[in-house]
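The values are calculated or read from the model by the stated rules, or taken from the named source; none is laboratory data. Just so you know, these numbers come straight off a predicted model, no measurement behind them. Virtual Cβ from ideal backbone geometry, glycine too; neighbours counted across all protein chains shown. Note: accessible area is taken over every heavy atom of the protein model, side chains too, but ligands, DNA and RNA are not part of it. Shrake-Rupley method; radii C 1.70, N 1.55, O 1.52, S 1.80 Å.
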Amino acid sequence: MFNNMTIKSRLVLVIGMLSVLLVSIGALGLYGINQSNDGLKTVYEDRTVVLADLGLVLDRMHRVRINTVMASNMNDVGIARQRNAMTAERDAEINATWQKFMSTILTPEEEKLANTFANQWPIYKESRDRTMSLAMAGNFEAAVANETSDAGQKFDAVHATMLSLIELQAMVAGKEYAEAVDNFNSVFMITSVAVGLGVILAIVIGMLLIRAIVGPLNEAIGVAN
C-alpha cells in the first residue's frame, strides 16, 4: 500500500501520523501534570490548611485552660473576671475555626473524632464555667477543687481527642502524597514508553519514506544517463 502511494501522499501520511503521536504524548503529559496538581491540591487544602486550623483550636484550648487555672489560683476577683472575658474571646475563635473545619469534606475516621470532640468540648466548658463562676464569686477554694478534680479530667479527654484528630491529618496526608507519587510514576512510565515507541516509529517511517523517494530518483537518474 505504501509503495503505491504518491510522494505527496506519503509525506502527508507521515506528517499526520507524527502530529497525532505528538498530540497524544502532549495530552498524556498534561494529564499527568493535572493529576499531580490535583494530588498536591488535596494535600494542601484538605490536610495542610486543616492542620493549621486544628492547631489554632488546640492553642486556644490551652489558653482557655490557662485562664481557668489563673482565675482560680490568683485569689483575685478582678483577675478572675478579666480571665473570664478573655476566655469568651477564645471560645469565639474556637467556634469560628471549628465551623470552618466542619464545612470541609471529612473522612469517616475524621467525622468520628470530630463528633467525639463536639460532644466532649461542651462538657468541659460547663465544668470550666463553673470554676470561673466560683472564682468570680470569691470562692477560690471551691474553684481550685473543681478545676483540679472535674474540669481538669474533662479537659484531658477533649485534649486527647484533638491530638488524635491532628495526628490523623498527618497520617492521611502521607497516604494522599504516596498515591500522588504512584500516579505520577505510572503516567511517567506510560509517557516514556509512548515517546520511545514514537521515536522508533518515526525512524522506521522516515527510513521507508526516504527509501521510497530516493529509489525513484535513482531510477530516473539512471534512465537519464
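Structure data summary
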{"quantity": "Subset of region 147-168 that is without any contact (Cβ under 8 Å) to a residue 40 or more places away in the chain and touching a helix residue (DSSP H, G or I) at 6+ places or on another chain (Cβ under 6 Å) - its residue that is farthest from ASN67 (Cα to Cα)", "calculated": "ALA157"}
{"quantity": "SER186 assigned to a helix (DSSP H, G or I), of a type outside the set (Val, Ile, Thr) and open to solvent by 30 Å² or more (accessible area, probe 1.4 Å)", "calculated": "yes"}
{"quantity": "Where a residue in region 94-112 is modelled with pLDDT of 90 or more and its partner, wherever it lies, is open to solvent by 40 Å² or more (accessible area, probe 1.4 Å) and not β-branched (Val, Ile, Thr), with Cβ under 6 Å and at least six apart", "calculated": "ILE94/ARG60; THR97/LEU56"}
{"quantity": "Yes/no for GLY138 being over 26 Å from ASP59 (Cα atoms) and over 31 Å from the mean Cα position of the chain (by Cα)", "calculated": "yes"}
